[in-house]
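Everything below concerns the one structure shown next.
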Amino acid sequence: MSKLTVSLLALAGAVNAASLGDVKHVVLLMMENRSFQHYFGTLAGVRGFADPNVQINPNGKSVWYQNVTGLTNETEYLLPYWLNHAGGEENFNKSMCLCAGANNWVPTNQAMNGGLMDKWALIDDPQAWGYFKRQDLPWHYALADAYTVGDAYHAAISSNTDPNRWFWQVRVTHFLALVKNRYWQSSISLRDSYPKMQSGTINVPGGKQALGDGGVILDDNQANGCTAENLDCLPLKWPAYAQYLDEAGVDWRSYQNSYQWATNSGLFYFEAFQNADVNSSLYKRGLAFDGENGLDAFKASAAAGTLPEVSWCFPPGNQQEHPPQTPKDAAWYMNEIVSSVINGPHYNETILMITYDGKLSYLYKAGGWGDHVAPIVSPNGTAGEWFEDPDGELGYVPSGPGIRVPLWIVSPFTRGSHVFTERADHSSMLQFLEEYLTAKGYNRDNVTADQLSDWRREHMSTLVNAFDFDHPDYSIPNIPTPDVPISDSDGAILGMYNAFCSVEWPESCSSETYSGAIPYADQTEENSLVFEDGYRGVRGYLTEGRYLVFASNGYALTNPTTTQKQFTATQAAAPYDSISQRWVIHTLTPEGTTFHITSAVDDNYISQQSSLSVSASGAEVYNITNVGSSQYILQKEDGQYLNIGSNGKISFDPTAIPYSIYSVTYHT
């Protein structure tokens with residue numbers, strides 16, 4: 001047995017307080033159409049506006065500078081800007097109901113521009129580059145502070161709701177089904193769509209399903225039939241992941257409101273569900289509703305401790321954050337779900353994940369919020385990932401992943417202010433369910449989504465490393481209670497847009513209404529790229545985009561800025577705000593765990609032994625490995641480990657001493 005193996009076994013040797021197999025309930029909730037940067041660019045300790053690895057494009061400018069040629073005479077470029085910079089209640093209310101621009105298949109790919117991520121203003125609208133702060137989204141930020149937020153989680157497809165939700169599970173948008181009579185009809189706008197997560201594929205040619213089973217699925221189509229040959233076809237003939245669960249005997253359930261709002265669950269789009277008998281398990285678990293309020297049914301199950309092993313929750317249309325529906329109203333709905341979970345009798349054994357589909361629909365020209373981090377994509381020609389754009393505008397392109405979207409992971413095993421840094425997308429949740437159910441004793445073959453591409457499995461996280469089962473924290477956080485949404489005289493929720501914005505500003509979702517507030521003439525990096533001071537514990541394998549503190553035995557790696565050009569270790573403790581202890585990693589491959597490491601003090605590289613080098617040519621390669629329980633080891637290219645002893649001394653040894661890593665954002 002190798003010394004490294006012995007070291008890793010020793011690190012994992014502590015008695016587990018819990019394990020993935022001990023979890024009783026996993027709850028998945030998907031909201032609508034918000035990018036990570038749009039919500040959390042200013043959040044402390046994440047890859048946001050303090051990004052030290054920000055992409056520099058061929059024009060010599062960073063991706064922060066979005067071209068606005070032809071949109072204004074005041075400037076050539078638009079920096080990210082606070083949507084409420086003008087101040088006042090009216091501006092805040094209007095921004096809550098603001099839309100950004102088209103985000104279906106073609107415009108999303110055009111805005112992402114082959115990974116340059118530089119055409120959000122031109123292809124969508126200028127406000128696509130706008131963002132909120134903590135004061136705008138107090139509940140969202142509080143939940144991020146209380147638990148773990150993912151800052152490298154992407155939409156699965158660079159397109160809109162239906163494709164992303166089908167990847168996540170299955171998708172339904174605005175199918176009002178007269179299920180008792182087994183007829184399917186649409187009685188409201190088919191374009192008023194919401195997110196679905198549900199099968200791990202959109203039927204890209206060369207993938208695990210035969211072409212013609214429903215796709216390629218690139219845009220929303222909510223009626224049986226195709227928009228063109230082998231394009232956006234319904235019903236989907238491959239199995240939804242819920243079918244795997246059903247056949248494996250897993251206890252699962254879809255929670256949603258009545259058919260008037262049954263727009264979030266993609267299960268309705270799958271042939272097996274459309275053909276399901278009303279007495280079948282598929283129908284009862286996936287299509288039946290408990291009265292008119294799925295939220296009440298979920299809350300009752302959580303309170304009674306009777307949630308199934310896997311739950312999908314789907315919010316009503318006026319509470320799911322799809323612009324012009326507001327973050328304020330969505331916060332109330334999400335808080336109802338979160339509060340039910342954390343105050344339920346099985347909180348200690350429950351995991352709740354909340355994310356966004358990353359899409360937009362045609363109806364309002366809504367969604368479309370931009371993000372600066374380009375997703376990693378598969379090599380040209382990868383089976384099940386690349387194909388010829390059927391619209392004839394984009395050429396031969398990958399299907400995704402798409403833009404970054406927010407992710408919260410709520411559980412005692414993700415409690416505390418952490419950031420999960422692994423690359424992930426909506427397929428990651430399916431992979432997590434596979435791991436979870438296998439840990440519970442189900443046969444892996446029976447709970448594996450066969451249609452997920454090999455590339456996604458190899459390159460997208462299973463999310464398991466976000467959890468620390470060795471050190472659970474069962475305390476209940478103090479999260480602010482959002483305002484109850486505006487209701488009509490009968491108590492039915494209308495929401496801020498329907499009851500207020502659409503009355504005061506009938507065009508509040510359009511760019512023209514809001515264009516006067518875009519600060520073209522008053523923008524600098526100092527007043528645009530704002531962020532909070534603070535830190536978060538890192539979880540998962542490392543990716544670029546953060547200032548990091550490497551702490552061990554009460555000390556942290558330190559650049560003392562002496563003339564000797566040597567790094568050392570000095571005492572470290574929260575809030576980890578010393579710039580001398582701040583480092584930046586630079587990946588040596590598109591993926592992997594090998595990096596160069598530079599100091600935030602002077603950009604010098606960690607070099608041979610404990611020396612610092614002014615150039616990359618003198619830098620040493622470090623393999624930074626996640627060994628579980630939020631611990632990491634740093635191995636030099638010669639095989640030795642960089643350690644900090646209990647006396648605070650740097651050493652290089654054949655066995656590893658683990659580090660905790662903190663992602664920090666400070667203005668000093």
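For the stretch 346-367, does any single residue satisfy the condition of being part of a helix (DSSP H, G or I), among the hydrophobic types (A, V, I, L, M, F, W, C) and under 29 Å from residue 317 (Cα atoms)? First the steps, then the outcome.
So in the stretch 346-367, the residues part of a helix (DSSP H, G or I) come out as 347-349.
Narrowing the set further to residues that are among the hydrophobic types (A, V, I, L, M, F, W, C) leaves none.
Taking every residue of the stretch 346-367 in turn, none turns out to be part of a helix (DSSP H, G or I), among the hydrophobic types (A, V, I, L, M, F, W, C) and under 29 Å from residue 317 (Cα atoms).
Restricting to the stretch 322-375, name every residue that is crowded, with 24+ Cβ neighbours inside 10 Å, of a type in the set (Asp, Glu) and at pLDDT 90 or above. Scanning the stretch 322-375 gives 329, 371. Going residue by residue through the stretch 409-428, is there one that turns out to be in a helix (DSSP H, G or I), closer than 23 Å to residue 45 by Cβ and not aliphatic (A, V, I, L, M)? Yes: one or more hits. Just one of the listed residues (84, 33) is in contact (Cβ under 8 Å) with a residue 12 or more places away in the chain, farther than 25 Å from residue 336 by Cα and part of a loop (DSSP other than H, G, I, E, B), and it is 84.
Only residues that are surrounded by fewer than 22 Cβ atoms within 10 Å (Cβ to Cβ) and not in a strand (DSSP E or B): list them for the stretch 544-573, please. The answer is 544, 553, 554, 560, 561, 562, 563, 564, 565, 573.
Of the residues making up the stretch 245-272, those that are at pLDDT below 90, more than 22 Å from residue 321 (Cβ to Cβ) and touching a Ser or Thr at 6+ places or on another chain (Cβ under 9 Å) number 1.
Restricting attention to the stretch 386-400, the residues that are in a loop (DSSP other than H, G, I, E, B), surrounded by 13 or more Cβ atoms within 10 Å (Cβ to Cβ) and out of contact with any Gly (no Cβ under 8 Å at 6 or more places or on another chain) total 5.
Condition (residue is assigned to a loop (DSSP other than H, G, I, E, B) and modelled with pLDDT of 90 or more) applied to the stretch 102-116: is it met by at least one residue? Lay out the reasoning, then the answer.
First, pick out the residues of the stretch 102-116 that are assigned to a loop (DSSP other than H, G, I, E, B): 102-104, 116.
Cutting the leftovers down to modelled with pLDDT of 90 or more gives us 116.
Scanning the stretch 102-116 turns up at least one residue that is assigned to a loop (DSSP other than H, G, I, E, B) and modelled with pLDDT of 90 or more.
Among the residues of the stretch 484-504, the ones that are closer than 20 Å to residue 294 by Cβ and either of a type in the set (A, V, I, L, M) or touching a residue at least 24 places away in the same chain (Cβ under 8 Å) (or both) come to 7 in all. Just one of the numbered conditions (1) modelled with pLDDT under 95; (2) touching a Leu at 6+ places or on another chain (Cβ under 7 Å) is not true of residue 564: (2). Restricting the stretch 302-321 to residues that are of a type in the set (S, T, N, Q) and modelled with pLDDT of 95 or more leaves a set whose member that is farthest from residue 493 (Cα to Cα) is 306.
Can we say residue 633 is aliphatic (A, V, I, L, M) and surrounded by 22 or more Cβ atoms within 10 Å (Cβ to Cβ)? Before you say what the answer is, go through the steps one by one.
Values: aliphatic (A, V, I, L, M): yes; surrounded by 22 or more Cβ atoms within 10 Å (Cβ to Cβ): yes.
Spelling it out, residue 633 is indeed aliphatic (A, V, I, L, M) and surrounded by 22 or more Cβ atoms within 10 Å (Cβ to Cβ).
It is to be established whether one or more residues within the stretch 298-320 are in contact (Cβ under 8 Å) with a residue 40 or more places away in the chain, out of contact with any Leu (no Cβ under 7 Å at 6 or more places or on another chain), in a helix (DSSP H, G or I) and within 30 Å of residue 92 (Cα to Cα). Yes, the stretch 298-320 contains a residue that is in contact (Cβ under 8 Å) with a residue 40 or more places away in the chain, out of contact with any Leu (no Cβ under 7 Å at 6 or more places or on another chain), in a helix (DSSP H, G or I) and within 30 Å of residue 92 (Cα to Cα).
When restricted to residues that are among the small types (Gly, Ala, Ser), free of Cβ contacts under 8 Å to residues at least 60 places away in the same chain and part of a strand (DSSP E or B), the stretch 636-668 contains 1. Taking the stretch 448-463 as the range and being without any contact (Cβ under 8 Å) to a residue 60 or more places away in the chain and outside any loop (DSSP other than H, G, I, E, B) as the test, the residues that pass are 457, 458. Of the listed requirements (1) modelled with pLDDT under 95; (2) of a type in the set (Gly, Ala, Ser); (3) in a strand (DSSP E or B), residue 592 misses just one: (3).
Can you find a residue that is touching a Leu at 6+ places or on another chain (Cβ under 9 Å), within 30 Å of residue 437 (Cα to Cα) and crowded, with 24+ Cβ neighbours inside 10 Å anywhere in the stretch 85-100? Checked against the condition, which is being touching a Leu at 6+ places or on another chain (Cβ under 9 Å), within 30 Å of residue 437 (Cα to Cα) and crowded, with 24+ Cβ neighbours inside 10 Å, the stretch 85-100 yields no hits at all.
Residues of the stretch 620-635 being of a type in the set (Ser, Thr, Tyr), within 30 Å of residue 473 (Cβ to Cβ) and either assigned to a strand (DSSP E or B) or touching a strand residue (DSSP E or B) at 6+ places or on another chain (Cβ under 8 Å) (or both), which ones?
Quick first cut of the stretch 620-635, residues of a type in the set (Ser, Thr, Tyr) only: 622, 625, 629-630, 632.
Among the residues that remain, those that are also within 30 Å of residue 473 (Cβ to Cβ) are: 625, 629-630, 632.
Hits for the stretch 620-635 are 625, 630, 632.
For the stretch 619-668, the tally of residues that are under 30 Å from residue 527 (Cα atoms), touching a Lys or Arg at 6+ places or on another chain (Cβ under 8 Å) and among the aliphatic types (A, V, I, L, M) stands at 1.
The values are calculated or read from the model by the stated rules, or taken from the named source; none is laboratory data. This one's a predicted model, so the numbers in the text were calculated from it and none came from an experiment. Because the Cβ atoms are built from the backbone with ideal geometry, glycine has one as well, and the counts that use them run over all protein chains shown.
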